[in-house]
Structure formats: structure tokens, C-alpha cells
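Down below is the structure, laid out as C-alpha cells.
The values are calculated or read from the model by the stated rules, or taken from the named source; none is laboratory data. Because the structure is a prediction, the values reported are computed rather than measured. Cβ sites come from the backbone with ideal geometry, for glycine too, and all protein chains shown count toward neighbours.
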Ligand SMILES: Nc1ncnc2c1ncn2[C@@H]1O[C@H](COP(=O)(O)OP(=O)(O)O)[C@@H](O)[C@H]1O
Ligand SMILES: [Mg+2]
């Protein structure tokens with residue numbers, strides 16, 4: 001007992017004072033480096049948000065959410081007399097919401113069904129093939145998706161740039177995220193819950209609808225929100241599929257605007273530069289809220 | 001093979017030459033025959049891995065969830081061969097309670113009790129539903145504890161309460177038989193005692209088959225006991241006889257704690 005006590009009370013520093021000091025120094029150096037780099041990362045995020053707020057908030061007003069952008073001459077006149085640029089980005093906001101809604105309508109049912117299929121047949125060869133394809137799809141550059149959809153939908157189906165084409169491109173980009181999050185969320189459900197439902201004489205498709213989907217709802221929803229926030233800022237595929245539209249459009253076979261498309265247009269017009277910042281602030285804010293919502297829902301898991 | 005010696009009640013289940021293999025050749029249940037009395041508690045005992053769960057799950061055909069399983073022999077529920085019934089109907093007549101409490105986490109206490117109806121789109125009038133919920137919860141002595149929080153999630157309850165909720169869920173269909181697979185193995189002694197008491201009460205209305213790893217539990221509450229060993233039904237007696245005067249060496253060995 002006494003010996004053990006003696007042992008535990010001996011300080012390493014007493015035996016190897018030099019070694020111990022060096023180790024402490026190394027420790028502190030490492031900790032310092034970690035803190036330094038994480039501070040850089042954090043400040044980078046705040047710098048982005050701060051820049052957007054400082055440069056963008058002037059233009060965020062009622063007109064911003066209710067009017068379409070002005071022509072370049074009006075914008076120039078307003079600027080030269082020191083006023084705010086009149087007009088807003090309502091065509092872009094409605095366009096983005098429209099595109100995201102149609103894309104979700106396509107991607108969510110497909111994604112959930114494929115996710116369920118993968119979960120139910122996780123060990124089958126065909127399932128792991130689908131899983132590989134999903135991974136590949138996730139890595140396909142968005143411009144490539146845009147090109148393919150241009151070829152399929154713009155050229156052959158709507159015969160011109162359209163909401164449908166844009167939504168198809170965005171849906172393809174959403175799919176892998178929804179498939180994966182559905183499969184992962186279902187894997188978390190304990191088997192005993194399925195058995196409880198089956199033991200009540202529930203046919204399997206109703207077990208899926210009434211137990212698996214509701215129980216994994218928060219996981220699936222998180223995936224959907226992250227998928228949406230990922231595609232909301234996509235610009236390249238939309239340039240090839242929806243082109244843009246100076247007015248609000250609800251016709252699914254016609255071109256439509258979107259916030260990132262407007263940002264690109266404003267960038268190319270020196271008179272519109274001020275609108276870039278407010279549009280970007282809006283987009284960033286929206287994506288940030290979706291992300292926070294996703295985090296909040298993920299934290300509300302059922303079991 | 002031992003037959004049930006003391007049949008004081010008419011049989012409700014009869015198992016005839018039942019053999020079950022998860023994979024070819026390796027039998028998990030070997031040629032088991034037994035009849036189970038109506039309104040009794042039958043305990044299934046035996047060392048871990050001897051086939052208790054497999055036998056129990058064969059009674060409501062839950063064992064068929066394993067894709068490669070093969071079954072020979074028959075089980076009759078009051079003269080109907082269960083392997084010729086639809087599993088959906090069968091499972092409403094033979095309810096099941098699992099080792100760990102598994103209330104549906106998305107449903108309230110109330111909805112958990114009538115989950116069987118909800119899942120299957122069986123429409124009930126409001127009053128009928130209220131009535132089923134109350135009787136089922138009273139049957140498991142949970143009513144007084146939860147009557148003011150029926151619309152809270154079932155997962156807020158303690159482990160013992162959750163397990164009683166799961167029994168209530170099985171009772172809601174008014175089944176003929178209730179199968180329980182080590183229902184108290186995850187519970188503390190107080191919660192266990194409550195469940196044992198209510199099972200004794202429930203046998204007035206239902207027939208109960210209980211897998212238990214706990215010999216004293218079987219001794220306390222069961223009328224008849226099965227002892228299984230390596231897939232075989234070694235001995236099946238009324239509980240008193242089995243505990244005081246076991247016929248087989250292996251039963252005696254198990255009951256005196258020599259193995260298992
Ligand atoms: N899903 C399964 N697949 C293959 N073998 C299994 C499976 N479940 C159980 N077994 C085997 O069947 C035998 C009986 O298991 P089980 O009925 O669970 O025993 P008990 O409930 O008495 O512990 C054991 O040998 C076990 O290894
Ligand atoms: Mg078992």
C-alpha cells in the first residue's frame with residue numbers, strides 16, 4: 001500500500017525535469033496552434049457575414065422584396081444622385097423558391113424511396129451498386145449536371161430554357177443527399193420498433209409508412225434541408241437550364257430568374273454593384289436559417 | 001417426449017412436432033410437441049441459446065422474419081393451423097411483448113395503446129377508442145399513473161411503465177394469447193413485481209406464454225413450465241411438480257443452478 005502510494009505521488013518532473021518541461025512546451029505549442037487556426041476559421045465566417053451585412057443592408061427594404069430589378073440606366077441615375085438603387089429581386093426570390101419547390105417535389109419522393117430500398121436490401125449486390133452510383137452522382141460537378149439536363153430537357157422536352165429544366169438539374173443534385181440521409185436515419189431505428197409494429201399484425205408497407213418514416217422523420221428532414229441549402233446557391237447549372245427572366249414567371253416551361261443568377265447579372269453590370277451585396281446577404285441569410293433549422297430538427301430526434 | 005400431464009383446462013394452443021432451423025442442418029427447435037392450457041401462464045425456461053425465443057416467436061410466426069428459416073410441424077390455435085392463417089389475422093389473435101420495452105417514440109401514450117388499430121387503419125368511434133385505452137391501461141395497472149398525461153409521448157415513462165404500456169398495446173386487440181419474451185429482464189425488482197402481479201391477474205382473461213431466464217419468476221407465477229435444452233423440450237410439467245420433483249437429470253441440474 002505504502003509503496004503504491006509512493007509511486008503515484010512521484011512526479012514525472014522530479015525524475016526528468018528537462019524532458020517534462022519540453023513536453024509541456026510542446027503541449028502548449030500544439031494547443032496554441034489549434035486555437036490560432038480555429039480563430040482564423042471563425043473570424044473568416046464572421047468576416048463573410050460582416051462584409052455582407054455592412055455592404056448589403058442599405059438596399060434591403062420593402063422594394064427589395066416586392067419589385068423587379070431596375071434597368072441599368074435607372075440604376076445609374078439613382079447612383080449618380082446619391083440615392084439607393086430602386087427596385088428589388090422579387091423575380092429572383094420567387095424563381096428560386098419555385099425552382100426549389102419543384103426540385104423538392106421531384107427529389108424527395110425518389111430520394112426517400114431509394115433510401116428505403118437501400119435500407120431494406122442493404123446487403124444485396126444491386127443495392128451496393130446503387131449506393132456507388134449515388135456516391136458518384138454526389139461528386140459530379142454541377143456544371144456537368146447542367147449540361148446533361150440542357151441536352152435532355154432544354155433541347156428535347158421544353159424546347160427552351162425553363163423552370164422544369166432548372167428544377168430537374170437541382171433535383172439531381174439533391175438526390176444523393178436525400179438518399180443517404182434517409183438510409184442513415186432508418187439504420188438508426190432499432191429493429192425492435194419494426195417488430196413491435198409487425199407483431200400487431202401490420203402489413204410491411206404500413207410499417208414503412210407508419211413507423212419507419214415518422215420515426216426517422218427528423219433525420220430525413222435534416223437531409224432535405226441540407227440538400228435545399230446546398231442547391232439554393234447553385235448558379236452554373238441554372239445558367240444552362242433556366243437562363244434568367246427580368247419578370248416574375250410561374251410558367252413551368254418558360255425561363256425563370258433565381259437569386260444566384262441575378263447576383264451574376266449584377267456583377268456584370270457596374271451600375272448594379274450595390275444590389276450584389278444585398279442579394280448575397282439575402283441568399284446567405286436564407287441558407288444560414290435552413291442550416292440552423294436542420295440542426296434544430298436533428299437535435300429533436302425521437303429516440 | 002413429455003406430454004403435458006396436468007390438463008385442468010382445455011387446450012388453446014397445440015404444438016405438434018415443431019422443428020425450426022435458421023440455417024440448414026442446425027436445428028434451433030427440435031421436434032417439440034406440447035399443448036398449452038387456456039387461461040394459464042406457461043413458462044419456458046432453459047439456458048441461453050436453447051431455443052426459447054425461437055419457439056415463442058414461432059407461435060405468432062414472427063420467426064418468419066428471418067428469411068432463411070425453415071419450419072416443419074404445425075401449431076394449432078383452437079383447432080386452426082396457424083401456418084394456414086394470414087399472419088396479419090394471427091398476430092392480432094396472438095399478441096407479443098418483447099424483451100426491451102419498445103413503445104412507438106412518435107406516438108402518445110394514448111396512441112401507443114391503440115397503435116394496432118391506427119397502424120392498420122381500423123377505424124374506431126371516439127368512445128370505443130377511449131374505452132379500449134382505459135380498459136387496457138387499467139388491465140396493466142397503468143391507468144392511475146398516466147390518466148392525466150395520456151397525450152404525452154410514451155417514451156417519457158419509466159422503463160417499467162413503458163413495458164406495461166407495451167403489454168396494454170398487445171391487449172388492445174383482445175387477443176387469445178399473449179407471448180412475452182423475458183419481459184422483465186431489463187427492469188428493476190419493483191417494476192418486475194408489478195408486471196408479475198398483473199400477469200397473474202391477466203390470465204383470467206388471456207392465455208399467457210412467458211419466456212423467462214429467471215427460475216424464481218417461473219416458480220412464482222407460472223402454472224406450467226417447460227424446460228428446454230439445446231432445442232429440445234426436455235420436460236413439461238405443472239410448475240410445482242417440476243420444481244419439487246423434476247423427472248429429467250438435466251432439468252434438475254438447471255433448477256439447482258448446475259448450469260445455465
Ligand atoms: N437470427 C438468427 N440466425 C441464426 N441463428 C440464430 C438466430 N437467432 C437465434 N439463432 C440460434 O438459434 C438458437 C436458439 O436461439 P434462441 O431461440 O434465441 O435461444 P434463447 O432465446 O433460448 O436464448 C441458438 O443456437 C442461436 O444461436
Ligand atoms: Mg431469447
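Of all the listed residues (B:52, B:125, B:93, B:89), the sole one being within 16 Å of ligand 1 (Cβ to nearest atom), out of contact with any helix residue (DSSP H, G or I) (no Cβ under 7 Å at 6 or more places or on another chain) and farther than 27 Å from residue A:217 by Cα is B:52.
Of the residues making up region B:39-48, just one is at positive phi and either crowded, with 23+ Cβ neighbours inside 10 Å or without any contact (Cβ under 8 Å) to a residue 12 or more places away in the chain (or both), namely B:46.
Exactly one residue out of B:75, B:88 is surrounded by 18 or more Cβ atoms within 10 Å (Cβ to Cβ) and either within 9 Å of chain A (Cβ to nearest Cβ) or modelled with pLDDT of 95 or more (or both), and it is B:75. Of the helices (runs of 4 or more DSSP H) contained entirely in region B:155-260, those carrying at least 2 residues that are free of Cβ contacts under 8 Å to residues at least 12 places away in the same chain fall at B:189-202, B:239-244, B:249-255.
Among the conditions (1) at pLDDT below 95; (2) within 21 Å of the chain's Cα centre (by Cα); (3) over 25 Å from residue B:38 (Cβ atoms), the only one that residue B:249 does not satisfy is (2). One residue alone among B:198, B:210, B:233 is out of contact with any helix residue (DSSP H, G or I) (no Cβ under 6 Å at 6 or more places or on another chain), over 20 Å from residue B:91 (Cβ atoms) and within 16 Å of ligand 2 (Cβ to nearest atom), and that residue is B:233. Exactly one residue among A:111, A:115 is under 28 Å from residue A:207 (Cα atoms), assigned to a helix (DSSP H, G or I), modelled with pLDDT of 95 or more and over 18 Å from the mean Cα position of the chain (by Cα), and that residue is A:115. A count restricted to region B:149-194 and to residues that are under 18 Å from residue A:202 (Cα atoms) and more than 16 Å from ligand 2 (Cβ to nearest atom) stands at 13.
Taken over region A:75-94, the criterion of being part of a loop (DSSP other than H, G, I, E, B) and free of Cβ contacts under 8 Å to residues at least 12 places away in the same chain is satisfied by A:81, A:82, A:83. The helices (runs of 4 or more DSSP H) located wholly in region A:149-211 that include 1 or more residues which are within 14 Å of chain B (Cβ to nearest Cβ), without any contact (Cβ under 8 Å) to a residue 24 or more places away in the chain and over 20 Å from the mean Cα position of the chain (by Cα) occupy A:191-198, A:204-207. Of the residues examined, residue B:186 is one that is within 16 Å of ligand 1 (Cβ to nearest atom), over 13 Å from the mean Cα position of the chain (by Cα) and within 13 Å of another protein chain (Cβ to nearest Cβ).
Quick grid of which residues meet (1) under 23 Å from residue A:261 (Cβ atoms); (2) assigned by TED's automatic domain parsing to the domain that holds residue A:290; (3) modelled with pLDDT of 95 or more:
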{"residue": "A:148", "(1), (2), (3)": "yes, yes, yes"}
{"residue": "A:155", "(1), (2), (3)": "yes, yes, yes"}
{"residue": "A:170", "(1), (2), (3)": "yes, yes, yes"}
{"residue": "A:178", "(1), (2), (3)": "no, yes, yes"}
{"residue": "A:183", "(1), (2), (3)": "no, yes, yes"}
{"residue": "A:208", "(1), (2), (3)": "no, yes, no"}
{"residue": "A:215", "(1), (2), (3)": "no, yes, no"}
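For region B:102-151, a tally of residues being within 9 Å of chain A (Cβ to nearest Cβ) and buried (at least 20 other Cβ atoms within 10 Å of the Cβ) returns 9.
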